[in-house]
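Read the figures in this text as sums done on the coordinates, not as results from a lab. Everything quoted here is computed from the prediction, not taken from an experiment. In this analysis, Cβ positions are derived from the backbone assuming ideal geometry, glycine residues included, and neighbour counts consider all displayed protein chains.
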């Protein structure tokens, strides 16, 4: 990263809903870095490298509280929620949350203090009810989006038979996604959390758990994984399935704290009955332990990178892999669907996107939220299958109805012929209600507008 003046090690990230789709990075490793707020404005194009640098000035823009290992989320009003962390490398807990652009002091959270130090990089999500879901250690709750008080405390997250107190967030580091939302959005939203570990040289968790937080008396559903995982990644795919990969089968997140790499990939298909959703995929030859990442590319493949365990056995990993999901392996390139956007790239809620497609009439259209991947946390992840109608070679797609279903942001849009996706085009839904495109004020910042 060029242009940054502080250390981004173990920070949080998001893609902003402003007109320029800027990236924001917050927090960091120690001292001044923990207060860091950094921006990047992409200026590349397919086949053309971006040349912009990151922008940072900690004297002008910074967090209210220094945070190492925080999480971040775009709220329904377009502002940025930053939650949790420590005050530096292995430092004291920072059991609070705050908003960006700054909107008052940090809000203390007793539940973060009580679960220290097992709650770093908590999993966050906006729920269709308007509440904020947060999972931390082996706990979960729904927060009010205005007061941040608990609307509901959910049941304890199951662990393993051998270690009921297992955890799902750093340093026990499982991974989490939201399962697909389908128009007309009347079905409850499911949150899926896979893997994790416990204290000491613990055997990693061998299950996934899911819950529908907005359902009265919600309970967790447990599904066994084919193998144990800690420090894994999970990637939403355009056909509504999920790829689980990377990590270890024993230990915790951190330097030299895990052993027995998990080389296998798993495909999770939520359209199948619970207990029959996981399929064993291919193995890699590269151990991906602490500090690995995986993200979806516009062509439907998955980019896999990272690993820095510093354990004298597995090197700091500079090699990058590309995983081909089944729809790529089974695809006839000559019949792959394609489309173009014909009425712009920025849309409101309950708005109409018009596309012109080639190939077979789409069987489905998917919208996948822009993601920042780190430490098992895919910040910004969301999968939506909107309503659409097609006539001739044109389709009209109806965007989600409100920010509770789909917080403002940028999405990869795919059209599908059965399981085969097109290449993605990026669209923005919900605009920039917090005016992030005009922030920060002053010289030295790129402000792409709202």
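A few points about this structure:
- If you wrap the tightest convex hull around every Cα atom of the chain and split its volume per residue, you get 136 Å³.
- Theoretical ellipticity at 222 nm over the chain - DSSP helices of four or more residues, -39500 (n - 2.57) apiece, nearest 500: -500 deg cm²/dmol
- Cα-Cα P(r), the stretch 49-132, percent of pairs per 5 Å interval: 3, 14, 21, 22, 18, 12, 6, 3, 1, 0
- Separation in nanometres of the label points that stand 7 Å from Cα toward Cβ, at residue 283 and residue 387: 4.9
- Expressed as a fraction of 2.2 N^0.38 Å, the C-alpha radius of gyration for the stretch 1-149 is 1.05.
- The chain: relative contact order as a whole-number percent, Cα under 8 Å and 6+ apart: 14
- Using a Förster distance of 35 Å, the FRET efficiency for residue 346-residue 310 (Cβ separation, nearest 0.05): 0.20
- A straight line joining the Cα centroids of the stretch 327-368 and the stretch 151-193 runs 31 Å.
- Spin-label model, residue 150 to residue 219: label points 7 Å out along the Cα-to-beta-carbon direction sit 2.1 nm apart.
- Sites residue 441 and residue 361 - FRET efficiency at Förster radius 41 Å, r taken between beta-carbons, to 0.05: 0.25
- Across all Cα atoms of the stretch 332-429, the radius of gyration (one decimal) and Dmax (whole number) stand at 13.5, 45 Å.
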